[in-house]
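> The structure that follows is given in the form of structure tokens.
Any read-out appearing in this document is the output of simple, stated calculations on the displayed coordinates, not a laboratory observation. These figures come from a predicted structure and were not determined experimentally. Using ideal geometry, Cβ is built from the backbone for each residue, glycine included, and neighbour counts are taken over all protein chains shown.
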Amino acid sequence: MSQSIRNGLSTVPELDDVQFTRWQGLLEERTGMYMPIQRRSFLQTSLGLRMLELGLRDYSEYFQQVTQGPSGAIEWSTLVDRLTVQETRFFRDPDALSFVEEFIRGITSSLIEHDESLEIWSVGCASGEEPYTLAMIAEQMLGSLGMSYSVTGTDISTIVLRKARSGRYPLRALERIPIKFHSWAVQPLSSQQLEVSSKIRKRCCFSQVNVLNLKNSPLQSQHIIFCQNVLIYFRRWRRREILDALAQRLAPGGLLVLGLGEMVDWKHPLLEPVHSGQVTAFVRKQSTSSGESTRR
């Protein structure tokens with residue numbers, strides 16, 4: 001942060017208890033995300049930076065601006081981008097990804113038999129490294145068989161989705177990608193930037209989705225739903241609502257992967273937990289001809 005920005009922030013008033021509660025409530029009402037008191041300084045800095053850009057010095061004035069009229073909706077979208085951007089990277093969770101690889105291997109013959117395309121959903125995909133990682137794994141396993149697959153990445157932030165669609169990242173990201181993918185999944189653009197190959201990019205699509213409104217999402221019958229480092233931003237009751245909605249969007253026999261320890265006491269009648277070391281995952285039960293569920 002530059003000295004001029006620091007000086008500007010020093011003119012922004014403290015976010016007192018009343019204002020913090022007001023902004024905390026608005027964020028949770030509109031996005032479902034809960035901002036604990038421990039993150040007050042983060043909220044103050046984020047609001048302060050945006051207020052400086054707009055020439056504002058009063059939290060109430062800015063609150064009014066983001067809650068009124070069409071221009072308020074646009075400004076709210078800009079602010080949400082600032083508050084929700086996550087740090088991510090390629091191949092972030094090797095244990096979970098190895099489990100996904102084994103899962104794909106286990107259902108490949110069924111996909112071939114039923115002439116199905118493998119459908120994967122990355123929830124809270126941020127700037128796209130996770131869905132591209134999943135696509136690399138799927139391509140490695142299914143590409144030589146001529147099988148179809150697609151990966152959908154969703155996030156609430158339009159800014160990170162724009163970056164995800166570009167498929168361009170700092171060259172240092174190459175360090176996170178296993179060498180076996182270097183020759184065909186990514187390519188250097190310059191001494192400072194790489195690009196995900198067109199072979200992988202064409203298998204991925206990105207869409208803005210608020211997890212509070214999953215009932216309006218067209219995504220259904222997913223073979224794999226990858227939802228890591230998303231639930232930590234929500235209250236426990238809200239996490240259950242999100243997971244219940246995701247469970248309904250799994251295909252029979254489909255896999256739901258969560259972040260380790262994100263939801264340890266959740267159960268769903270359609271799903272069975274998978275016990276596999278450092279991976280938190282569930283498989284949707286297969287449906288019998290009578291419509292009942294049975295163990296996969």
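> Nearest 0.05, what FRET efficiency do LEU189 and ILE159 give at R0 = 25 Å with Cβ-Cβ as r?
0.75
> Just to confirm my numbers, what's the Cα centroid distance between region 48-88 and region 249-272 in Å?
Going from one Cα centre to the other spans 35 Å.
> With the radius of gyration and the Kirkwood radius both derived from the Cα set of region 176-238, what is their ratio Rg to Rh?
Radius of gyration over Kirkwood radius for region 176-238 works out to 1.09.
> Around LEU161, under 11 Å between beta carbons, what's the net of Lys plus Arg minus Asp minus Glu among the other residues?
+1
> Related question: Quick check on the chain: helices-only [θ] at 222 nm, where DSSP H runs of length 4 and up contribute -39,500 (n - 2.57) each and the sum goes over total residues. Nearest 500, please.
-13000 deg cm²/dmol
> Ranked from highest to lowest mean number of other Cβ atoms within 10 Å per residue, what is the order of the peptides 91-100, 43-52, 12-21, 107-116?
So the peptides 91-100, 43-52, 12-21, 107-116, ranked by packing, come out 43-52, 91-100, 12-21, 107-116.
> Stretch THR108-ASP17 to full length: gain in nm at 0.36 nm per residue minus the Cα-Cα span?
Length gained between THR108 and ASP17: 27.3 nm.
> Could you work out the relative contact order of region 164-296, using alpha carbon pairs under 8 angstrom and six or more residues apart, expressed as a whole percent?
The normalised contact order for region 164-296 reaches 17 percent.
> Another question, if that's okay. Considering only Cα-Cα distances, which of the following residue pairs are longer than 27 Å: LYS163/LYS199; LYS199/LYS285; LYS215/LYS267; LYS163/LYS202?
Too far apart for the 27 Å limit: LYS199/LYS285.
> Further, regarding this structure: Between GLU29 and LEU145, how many nm apart are label points set 7 Å from Cα along the C-beta direction?
About 5.0 nm, to one decimal.
> Place a point 7 Å from the Cα of SER198 along the Cα-to-Cβ direction; which residues of region 144-161 have their backbone N under 12 Å from it?
Residues passing the 12 Å test: none.
> Take the alpha carbon atoms of the chain, find their radius of gyration, then divide it by 2.2 N^0.38 Å using N residues; give the quotient.
1.10
> So, one more: Once you list every other residue whose beta carbon is under 13 Å from the beta carbon of GLU139, what net charge do they have if Lys and Arg are +1 and Asp and Glu are -1?
It works out to a net charge of +4.
> Taking loop as defined by DSSP and a crowding limit of 15 other beta carbons within 10 Å, which GluC sites (Glu not before Pro) in region 36-88 fit?
Those that pass, being in a loop and sparsely packed, are GLU87.
> If r is the Cβ-Cβ distance from SER117 to PHE42 and R0 is 35 Å, what FRET efficiency results, to the nearest 0.05?
Efficiency computed from Cβ-Cβ geometry: 0.30.
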